[in-house]
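*Asks:* Quick one: this structure, given as structure tokens, is what I'll be asking you about.
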Amino acid sequence: MKKYIPNLLTLGNLLCGTIATIFAIKGDFFATAILVMLGILFDFFDGFAARMLKVQGELGKQLDSLADMVTSGVVPGIVMMQMLVNALDIDAVGYFGVDEYGATGSNLPYIGLLLTLGAGYRLAKFNIDERQSDSFIGVPTPAMSLFVISLPLIAQFDKESFLIGFIENQYFLILITILFTYLMNAEIPLFSLKFKNFYFKDNVIKYVFLALSVILIVTLKIVAIPMIILSYVVLSIVNNSDKKLSSK
């Protein structure tokens, strides 16, 4: 029975992602964000359960990527599409080409789906890349998804944020889309938050990141989410540079 527990958690991730897709299409970004975060939580615990119960297998690995493709691939792509619709101030019906009155819409929001394509490519590579057992190469799809779903929440709940002007700017959104599509598949090593032990000297970068994350959450609240994702990438790059210098 225990071998089914991790897969059931993975299916929980897939279910959350499927329902989140529906809410994302409707433009309910709050419900979308809650479901994506719940799905990512399932995604964390399915791997944890598989390791604890010692039932890791190829089926779980493939199922995990399929679930992530929905929760952290399809959903953020649709959210970015909707944000571009809002930034362009166009009719949500018309942006698929021509609306019911024959008026031409804009196809620009489709650029948001680059995130979905980039996530799919990354997840396929991840399944055959043996280098990513203890760390990541390229930004993980859940990190990208959290960054994207946080943007409309900031616009909705923190209208005084310094980020509002950027979030409502179509060029910024397109830049973010292209940047994260690249970062997901870039050959940039990023540290994992898995702890083999809790000695400070062996986990300095992880403790620094966790401390910084707490500070950002306390001071910036919801705005902290994209800042945490960016700090994760920056700290990884700094950590890589330190390793290269120390090896010389």
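*Asks:* Could you put 171, 4 in order of accessible surface area, largest first, with the 1.4 Å probe and the full protein assembly present?
*Replies:* Working: 171 160, 4 120 Å².
Ranked list, largest accessible area first: 171, 4.
*Asks:* Determine the alpha carbon to alpha carbon distance for each of 3/194; 54/201; 159/194; 159/201; 26/194; 2/194 and list only those over 32 Å. Write out the running numbers ahead of the final one.
*Replies:* Values: 3/194 22 Å; 54/201 28 Å; 159/194 35 Å; 159/201 41 Å; 26/194 36 Å; 2/194 22 Å.
The pairs that break the limit, which is 32 Å between Cα atoms, are 159/194; 159/201; 26/194.
*Asks:* Which shape class, rounded, prolate or oblate, goes with the range 194-247 when its Cα gyration tensor gives a ≥ b ≥ c as root eigenvalues, a/c under 1.5 marks rounded, and past that a/b bigger than b/c marks prolate?
*Replies:* Note, shape of the range 194-247 comes out oblate.
*Asks:* Determine the per residue accessible area of the chain with all protein chains present and a 1.4 angstrom probe, expressed in square angstrom.
*Replies:* Details: 13560 Å² over 248 residues.
Result: 55 Å² of accessible area for each residue.
*Asks:* Then there's this: Each residue of the range 154-165 in order: what ³J(HN,Hα) in whole Hz does its phi give by Karplus 6.51 cos²θ - 1.76 cosθ + 1.60, θ = phi - 60°, with x for Gly and Pro?
*Replies:* 4, 5, 7, 10, 9, 5, 9, 5, 5, 8, 4, x
*Asks:* Let me ask something else about it. Mind jotting down a quarter of the surface of the convex hull over the alpha carbons of the range 106-248, in square nanometres, one decimal?
*Replies:* Numbers: hull surface 40.9 nm².
Here the figure is 10.2 nm², rounded to one decimal.
*Asks:* Calculate, for residue 234 and residue 201, the FRET efficiency according to 1/(1 + (r/R0)^6) with r their C-beta to C-beta distance and R0 25 Å; round to the nearest 0.05. Provide the component values of the computation, followed by the final result.
*Replies:* On the way: r = 22 Å, r/R0 = 0.87.
Efficiency computed from Cβ-Cβ geometry: 0.70.
*Asks:* Just to check I understand the Karplus step: with θ = phi - 60° and J = 6.51 cos²θ - 1.76 cosθ + 1.60, what whole-Hz values come out for the range 198-208, glycine and proline as x?
*Replies:* Those phi angles translate into 10, 5, 4, 5, 8, 9, 3, 4, 6, 5, 4 Hz.
*Asks:* Continuing with this model, one more query. Using modelled amide H (1.01 Å from N, peptide plane; none on Pro or chain starts), what sits under 5 Å from the amide H of residue 138, excluding residues fewer than 5 places away?
*Replies:* 188, 190
*Asks:* Just the number, please: carbon plus sulfur as a percent of the accessible area of the range 3-190, 1.4 Å probe, no ligands or DNA/RNA counted. Mind dumping the intermediate values first?
*Replies:* Numbers: 6380 of 9380 Å².
Using a 1.4 Å probe with all protein chains present, the range 3-190 comes out at 68 percent carbon and sulfur.
*Asks:* Here's something else I'd like to know. Step through the residues of the range 179-187 one at a time and calculate ³J(HN,Hα) from phi using the Karplus curve (6.51 cos²θ - 1.76 cosθ + 1.60, θ = phi - 60°), rounding each to whole Hz and writing x for Gly and Pro.
*Replies:* Taking θ as phi minus 60°, the curve returns 4, 6, 4, 6, 4, 5, 10, 6, 7 Hz for the range 179-187.
*Asks:* Still on this structure: Please report the carbon-and-sulfur percent of the accessible area for the range 194-247; probe 1.4 Å, protein heavy atoms only, DNA, RNA and ligands left out. Intermediate values should be presented prior to the final figure.
*Replies:* Numbers: 2630 of 3610 Å².
About 73 percent, which is the carbon plus sulfur part of the accessible surface.
*Asks:* Same structure again: Ordering 40, 178 by accessible area with a probe of 1.4 Å, largest first, what comes out? Provide the component values of the computation, followed by the final result.
*Replies:* Working: 40 35, 178 95 Å².
The residues order as 178, 40, largest area first.
*Asks:* Summing Lys, Arg as +1 and Asp, Glu as -1, what charge do residues with Cβ under 15 Å from the Cβ of residue 69 carry, residue 69 excluded?
*Replies:* Details: positive: 61, 122, 125; negative: 43, 46, 64, 68.
Surrounding charge for residue 69 is -1.
*Asks:* Given the whole protein assembly as supplied and a 1.4 Å probe, what does the accessible area of residue 44 come to in Å², nearest 10?
*Replies:* 120 Å²
*Asks:* Hey, could you get me the Stokes-Einstein D for the chain, Kirkwood radius over alpha-carbon pairs, 4 °C and 1.567 mPa s, rounded to whole µm² s⁻¹?
*Replies:* Stokes-Einstein gives a translational diffusion coefficient of 68 µm²/s.
The values are calculated or read from the model by the stated rules, or taken from the named source; none is laboratory data. This is a predicted model, so every value here is computed, not measured. All Cβ positions, even for glycine, are placed from backbone atoms using ideal geometry, and neighbour counts span all protein chains on display. Surface accessibility is based on the protein's heavy atoms, side chains included, excluding ligands, DNA and RNA. Shrake-Rupley method; radii C 1.70, N 1.55, O 1.52, S 1.80 Å.
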